[in-house]
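Reading through the structure tokens given below for one structure.
The values are calculated or read from the model by the stated rules, or taken from the named source; none is laboratory data. As the structure is a prediction and not an experimental result, all values here were calculated from the model. Glycine also receives a Cβ, built like all others from the backbone with ideal geometry; neighbour counts cover every protein chain displayed.
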Amino acid sequence: MSVTLVYPGISRLGFGSFGGGDIDASWIHHGLCQLAACLRQAKIPVDLIDLRAVSGWEEYEEELRRRGPALVGVSVMTVDYGPGVEAVRRAKRVLPGVRTVVGGIHPTLCPQEMLEIEEIDHIVTGEGEIALVDLAKAVLAGRPAARQMAGAVPDLDSLPYEMREIFDIQVSLRHPLQPLKPPFVTVITGRGCLYNCSFCQPAERSVFGRKVRRRSVEHVIGELEELRDKYRFASILIDDDCLTEEPEWVMKFCDAYQQAGFRQKFFCQSRADIIVRREPMIRRMKEAGLAGVFIGFETGSERLLRLLRKGCKLEHNYEAAKILKRIGISIWANIMVGIPTETREEALATFKMLEDLDPEFFSPSFFTPHPGSDLYDWCMARDLCLIKDHASFRRNPTEAKIKGIDYPFLIEQLERVRAKRRMKYFLNRVKWKVNRIIPYAA
């Protein structure tokens, strides 16, 4: 009697995509890795089916028959609602006696939508580590359990280290984030976000609460030491929403990281205003191994920064880029166009800002009204949303999201910017590939 977890992340790349050239094709899902570790700690057998790693629904069904779990658990993001629900339905069809549970961001934000799916036996909202273990124990003992359960908030230091091997971790290790080197790992040190961006909140607070809860430095270093022993990793992405919001924790981490003998380069996410206010902290992070920073610069319009409740000003964006270039830290710029009420002039200002900042890498997106966010409600109240299925909630800059935006114009301008940056991108990629094949001195 066991639990089978399912990762349904195929809405963009499809079946058989695991290990391909796209970074999305090799990510591990930290939430599922953590759930698996908690089940293992409770001595409950657990395995995983990654839909990216199977050829189609027929192979998925064959795997379910072969494993014969008592409980199938699916983590559902909004974009993966379709394959997530289909995974549940097929589990019920193949194994009529199996119990099913869904959790994750979409069931937390839209529980009623999940309750309407009769094949879903249980829904866990919020953080699922404690609730899933309790549910699995009940299922394995043949006891009833509530259909909808609110997850208890765990002490993060009490949780076991993630069970990364539930995915094909060897494939993931070989596919680093550009420009880092393999073997490559990702870690998360905390949960939650202090900020109030209207395109995100209050959705994230619905899952993790209003405060940021961060693991102790000792707990994080302990996990990194275990990963070093297992995989001899060469680089890291610290994938917190914003690693730099607690300067005391960051400084303590930098000291402990170096004292533990780590020299591996790492990337993290931060904010322009923090970099401007905390330049000494950023310099200390550079000394410890910080090689690059993801920053949501978002828009070149002061008005739209206020609409987004970003908490940053345009001057912060420019000054942060200057600081990072002066220190020698790569910039991965995230920008957003197609924001509600955005004018052509404001969109052009965003593209100009991108050219002025001259980041090493950038990720453009079209504003997408995500369920649970204030801007989603704003768009729905004005009948602006053009999205017809869950898969289109991805922020890809290729399809229309809301009314009133000139998307052909945005696509044309985006291609113009890409064309101007193509040589720089090519040279960066050549440098990255050369670095990948140079042995890392561990």
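Yes or no, residue by residue, for (1) under 19 Å from the mean Cα position of the chain (by Cα); (2) more than 19 Å from residue 97 (Cα to Cα); (3) of a type outside the set (A, V, I, L, M):
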position: 18; (1), (2), (3): yes, yes, yes
position: 62; (1), (2), (3): no, no, yes
position: 70; (1), (2), (3): no, no, no
position: 85; (1), (2), (3): no, no, no
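Taking the stated definitions as given, is residue 315 under 16 Å from residue 352 (Cα atoms), of a type in the set (D, E, K, R) and surrounded by fewer than 24 Cβ atoms within 10 Å (Cβ to Cβ)? It is true that residue 315 is under 16 Å from residue 352 (Cα atoms), of a type in the set (D, E, K, R) and surrounded by fewer than 24 Cβ atoms within 10 Å (Cβ to Cβ).
Suppose the filter is of a type outside the set (Val, Ile, Thr) and either in the same structural domain as residue 221 (by TED's automatic domain parsing) or surrounded by 15 or more Cβ atoms within 10 Å (Cβ to Cβ) (or both); does residue 146 pass it? Criteria not met by residue 146.
Considering segment 108-134, the residues that are of a type outside the set (Asp, Glu) and touching a Leu at 6+ places or on another chain (Cβ under 9 Å) include one that is nearest to residue 207 (Cα to Cα), namely 125. Screening segment 14-113 for strands (runs of 3 or more DSSP E) wholly inside it with 1 or more residues that are of a type in the set (D, E, K, R), in contact (Cβ under 8 Å) with a residue 40 or more places away in the chain and farther than 23 Å from residue 161 by Cβ returns the ranges 99-103. For segment 339-356, the count of residues that are buried (at least 19 other Cβ atoms within 10 Å of the Cβ) and free of Cβ contacts under 8 Å to residues at least 40 places away in the same chain is zero.
Taken together, 167, 199 contain a single residue that is over 27 Å from residue 73 (Cα atoms) and in contact with a His (Cβ under 9 Å, 6 or more places away or on another chain), which is 199. Just one of the listed residues (205, 232, 263, 214) is surrounded by fewer than 18 Cβ atoms within 10 Å (Cβ to Cβ) and within 20 Å of residue 31 (Cα to Cα), and it is 205.
Of all residues in segment 292-302, those satisfying the criterion of being in a strand (DSSP E or B) and of a type outside the set (Gly, Ala, Ser) are 293, 294, 295, 297, 298.
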